[in-house]
Amino acid sequence: MSDKFSRDVLKIDAEAESDRICARIRELLAHTLHRRGIVIGLSGGIDSSVTAALAVRALGAKRVFGLLMPERESSPDTLQLSGEVARSFGIDTVLADITQMLEAVGFYQSYQAAVRNVVPEFNSQWKSKLVSSGHDEWNGFTFFSVVAQSPSGEMVRVRLPHRTYLEIVAATNFKQRIRKMIEYYHADRLHFAVAGTPNRLEYDQGFFVKNGDGSADIKPIAHLYKSQIYQLAEFLGVPEIVRKRPPTTDTYSLGQGQDEFYFSVPVEQLDICLYARNHGIAAEEVAQATHLTTDAVQRVWQDIDRKRRTTRYLHLPPQLVSDVSEIEGL
Amino acid sequence: MSELKKRVRAFVVSNFLLGDDNGFAEDASFLELGIIDSTGVLELVAFLQQDFGIRVEDQELTPDNLDSVSSVVSFVERKLSASGQNS
């Protein structure tokens with residue numbers, strides 16, 4: 001066997017890892033969280049599907065409750081795929097379309113008004129998404145542009161000034177926060193815990209909304225690289241249609257890959273770059289394994305370090321002026 | 001200290017450090033000091049465009065141009081010079 005650095009370093013014993021995670025889920029629920037089961041929002045993506053499968057394996061299907069929470073801009077695939085996952089694992093679910101709640105908080109109006117700052121003709125008939133400047137060739141600061149598509153198919157791309165960028169992000173975060181509010185409603189009603197579904201890339205790089213999808217009582221796969229989650233998915237019997245689906249944010253009305261919005265290179269390359277960063281592998285070896293240039297690997301690592309610093313706020317609990325030590329260690 | 005440098009530094013201290021000037025050097029990296037993140041860069045660009053009447057292009061959003069007081073000052077001076085304005 002060669003010692004050459006390759007993607008093989010991310011290979012795991014899927015059965016042993018599943019057993020380890022399931023034992024930990026049972027332990028945390030019984031002895032730390034004191035809850036009787038798990039509520040999970042199902043998106044039809046690989047991460048929530050694997051988390052649901054692990055929860056069922058750990059606790060049995062009766063102790064897992066799934067939520068399907070599309071809105072009017074969700075991909076049509078979302079409901080079909082998440083329903084298929086629930087059926088595969090025998091999970092009870094409820095459908096909670098969040099469109100009316102988003103209307104009530106003014107999301108669609110706020111979002112459209114913000115985009116009209118830079119695309120004056122934008123209206124509800126148009127589709128749009130945010131895209132990042134970050135990619136392996138770009139050595140500058142990350143900035144974001146809105147890409148808007150008119151009803152006739154014309155595409156417009158405009159860099160966002162900071163106020164407009166913040167308005168769009170703030171409005172869009174309603175989607176994740178409303179979903180989390182519904183998850184906690186059902187968790188309270190059932191005396192269950194809420195599972196978060198980030199993979200290691202998302203958790204490490206701060207790709208989540210604080211008090212939105214970042215909020216949870218347990219995050220069973222946050223330590224796993226994305227390719228390891230695909231290995232678990234295959235072992236756990238996650239439907240093939242879900243395993244073959246490209247990662248998507250399913251947040252904007254135009255289809256958007258995670259690497260367009262947040263990550264500098266496709267997830268399968270970033271996975272290996274992150275592993276290498278964490279284990280002190282030389283950039284030249286990573287370049288060979290990922291088919292990136294050595295310079296590009298260095299830029300990806302700089303981006304990883306920068307995102308760790310700038311998203312630290314997302315991981316922080318509320319900051320106190322003085323310790324309240326009496327509640328520690330209970 | 002030039003008037004331009006004073007205005008840039010005053011903006012950075014006021015906006016990012018909430019008025020608490022810790023004496024950072026003029027060529028100290030905003031990124032390395034943790035003073036500015038990507039949102040902060042957009043705020044800095046908005047300030048430069050509004051206060052100095054320059055247009056910052058996408059390809060100019062780099063650390064070479066915007067990662068310290070001195071690099072920002074040089075960048076603004078180049079932009080003003082190219083457009084025939086003075087600071």
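Just a few scattered comments:
- Hits in the range B:8-22 (condition: part of a helix (DSSP H, G or I), away from every other protein chain (no Cβ under 14 Å) and in contact with a helix residue (DSSP H, G or I) (Cβ under 7 Å, 6 or more places away or on another chain)): B:8, B:9, B:12
- Within the range A:186-205, the presence of at least one residue that is within 14 Å of another protein chain (Cβ to nearest Cβ) and either in a helix (DSSP H, G or I) or basic (Lys, Arg) (or both) is confirmed.
- Note on the range A:143-159: residues that are within 14 Å of another protein chain (Cβ to nearest Cβ), of a type in the set (A, V, I, L, M) and in contact with a helix residue (DSSP H, G or I) (Cβ under 7 Å, 6 or more places away or on another chain) total 1.
- Counted residues, the range B:31-59 - those being more than 8 Å from chain A (Cβ to nearest Cβ) and either closer than 22 Å to residue A:133 by Cα or in contact (Cβ under 8 Å) with a residue 60 or more places away in the chain (or both): 12
- When residues of the range A:299-330 are limited to those that are among the acidic types (Asp, Glu) and part of a loop (DSSP other than H, G, I, E, B), the one farthest from the other protein chains (Cβ to nearest Cβ): A:328
- Restricting the range B:24-51 to residues that are modelled with pLDDT of 95 or more and in contact with a Leu (Cβ under 8 Å, 6 or more places away or on another chain), the residue that is farthest from residue A:157 (Cα to Cα) is B:44.
- Matching residues, the range A:245-294, being charged (D, E, K, R), modelled with pLDDT under 80 and part of a helix (DSSP H, G or I): A:259, A:260
- Within the range A:136-174, being closer than 29 Å to residue A:293 by Cβ and among the hydroxyl-bearing types (Ser, Thr, Tyr) holds for A:142, A:145.
- Among residues of the range A:11-51 being part of a helix (DSSP H, G or I) and among the hydroxyl-bearing types (Ser, Thr, Tyr), the one that is farthest from the chain's Cα centre (by Cα) is A:32.
- Number of residues in the range A:108-135 that are among the basic types (Lys, Arg) and within 14 Å of chain B (Cβ to nearest Cβ): the value is 0.
- Residue A:174 being of a type in the set (Phe, Trp, Tyr) and over 30 Å from residue B:50 (Cβ atoms): no
- Residue list for the range B:1-30, filter: under 16 Å from residue A:313 (Cβ atoms) and under 13 Å from the mean Cα position of the chain (by Cα): B:16
The values are calculated or read from the model by the stated rules, or taken from the named source; none is laboratory data. Everything numeric here is computed off the predicted structure, so don't read it as measured data. Note that we place each Cβ from the backbone using ideal geometry, even for glycine, and neighbour counts take in every protein chain shown.
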